[in-house]
C-alpha cells in the first residue's frame, strides 16, 4: 500500500511539474524557424523569482549563449546582464527589481530538453544554442549547493502596453493609473481576453476605490467583493466568479513585466503611474485591449432625469418617472460615500467638490456629475 501511495504521489507531482511547456512561453526575440529558451532563476525568495524568454533563429545561424542573452537585452530595457573572463563567466543578471551578481555567490548554468530535465554544465562560451533546447542560469553555486532553475513564469515585455495608448480616461485628477482585468481565456484569434481601464484621481487611491470608480461610470462593468477579495467581476459578456481554486488574483506593478502578487484589496494603494491587475486563473494580467468605458445609455435616457440644484449645498432632488432601485454617490476618487433610494438626497455631510451620482432604475443605469458647494 505504501508503494502504491508513493507511486501515486510521484505521478501527481510529475504531472503537475510537466505542465509548463514551450507553448507557455510568451516573450520571443529574434526570427527564424528554430527556437531555444532561456530561464533565469534569481532564487531571491520571491514568488516571481524565475522567468523564461524564447529565442528564434535559423539553422546555421550559430547563436552563442552570450548572443542569446544580448538578443533579449536589445529589446527589453528591464533586462540586463554582465559577462567576465572573455565572455565565459556569467557575472550578473537583472530583470526589473531582481538582480544577482557573482558576490557573494555565483550563477550556475544548466541545459535540458525541458524544465524538468536540467543538467548542470557550462554553455556560456561553449558552442552554439540548439533548436528546442532549454538554457538556464540559476543563482547559487556554493551556498549551500547549485540547484536547477525552478519552474519559470513567462516573461512579459515592459514595452507591450503603456498609458499613452488609453483614449478614454475615467475620473478626473492629476494622477493616472491603469487597471488591467484578465479573464484568463483567449478569443478565437488567440488574443487574450484582457482589458484595461485608464483612471484619473488626486493623491492616492486604493484598489477597491479604483474598482468603485470604474463601476460607477461603466454600465457594462460590475463587481462584488468580500473579505478584501474580489468575489465576482463581469465586463460585457465576460465574467468570473470565485469558487474553489478559480479565484481572482490581485497584482500591482508599473508595466506588464513587473507584476507583483498581492494578498488582498486593502494591501494595494495606487500612486501616479501605478498599475492594478486582476486575473481570473494563473496567468498574470496579459497584454490588454482598452475596455469600452463609456456608458451605454443614450442621451434621451439621460435627459429623462433631472437633478437640481446643481451646484448644491444641502439637498439635491432627482426627478424621473422610472422606479428607482438605488442611488449611489461616489467621490472623485471612486469611493462610495452615500447610498439611498430617496429622490431628495441630503448632501450636507459631504465635503465640497465634484461627485458622481449613479442612478439605477428598472430600465437603466446612468451616472451624472454634481458639485457640492
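Any read-out appearing in this document is the output of simple, stated calculations on the displayed coordinates, not a laboratory observation. Quantities reported herein were computed from a predicted structural model and do not represent experimental measurements. Cβ atoms come from the backbone with ideal geometry, glycine included; neighbour counts cover every protein chain shown.
One table, with the values for the structure above:
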item: Alpha-carbon centroids, the stretch 345-360 and the stretch 177-196: separation in whole Å; result: 34 Å
item: Spherically averaged projected area of the stretch 60-114 from its Cα convex hull (nm²); result: 5.1 nm²
item: Highest to lowest packing among 267-275, 338-346, scored as the average C-beta count within 10 Å; result: 267-275, 338-346
item: GNM flexibility winner over the chain from 152, 285, 77 (Cα, springs under 10 Å); result: 77
item: Exposure proxy order (Cβ contacts within 10 Å, fewest to most) of 139, 37, 81; result: 81, 37, 139
item: Relative exposure of 50, 349, 74, judged by other C-beta atoms within 10 Å (fewest first); result: 349, 74, 50
item: Kirkwood Rh in Å, taken over the stretch 25-70 so that all alpha-carbon pairs contribute; result: 11.6 Å
item: Relative exposure of 368, 98, judged by other C-beta atoms within 10 Å (fewest first); result: 368, 98
item: Estimated distance in nm for a label pair at residue 324 and residue 348, the labels positioned 7 Å out from Cα along Cα-to-Cβ; result: 1.8 nm
item: Tilt relative to the chain, helix 207-217 - C-alpha long axis, 0 to 90 degrees, to 10; result: 50 degrees
item: Highest-first arrangement of 248-261, 23-36, where packing means the average Cβ count within 10 Å; result: 248-261, 23-36
item: Computed over the stretch 35-168, Cα set: Rg, Dmax in Å; result: 15.1, 53
item: Folded to 0 to 90 degrees: helix 2-17 orientation relative to the chain principal axis, Cα; result: 70 degrees
item: On Cα atoms only, tilt of 65-75 relative to the major axis of the chain in degrees; result: 20 degrees
item: Over the stretch 109-235 - Rg/Rh using Cα atoms and the Kirkwood inverse-distance radius; result: 1.15
item: Separation of alpha-carbon centers, the stretch 201-222 and the stretch 45-60, rounded to whole Å; result: 36 Å
item: 10 °C / 1.306 mPa s Stokes-Einstein diffusion coefficient of the stretch 302-369, Kirkwood radius on C-alpha pairs, µm²/s; result: 131 µm²/s
item: Using distinct alpha-carbon pairs, which all enter the 1/r mean, Kirkwood radius of the stretch 232-373 in Å; result: 17.8 Å
item: Highest-MSF residue in the chain out of 197, 238, 95 [GNM, Cα springs under 10 Å]; result: 238
item: Two-decimal Rg/Rh across the chain, once Rg and the Kirkwood Rh are taken from alpha-carbon atoms; result: 1.09
item: MRE, 222 nm, helices only [DSSP H, n ≥ 4, -39500 (n - 2.57), over the chain, to nearest 500]; result: -3500 deg cm²/dmol
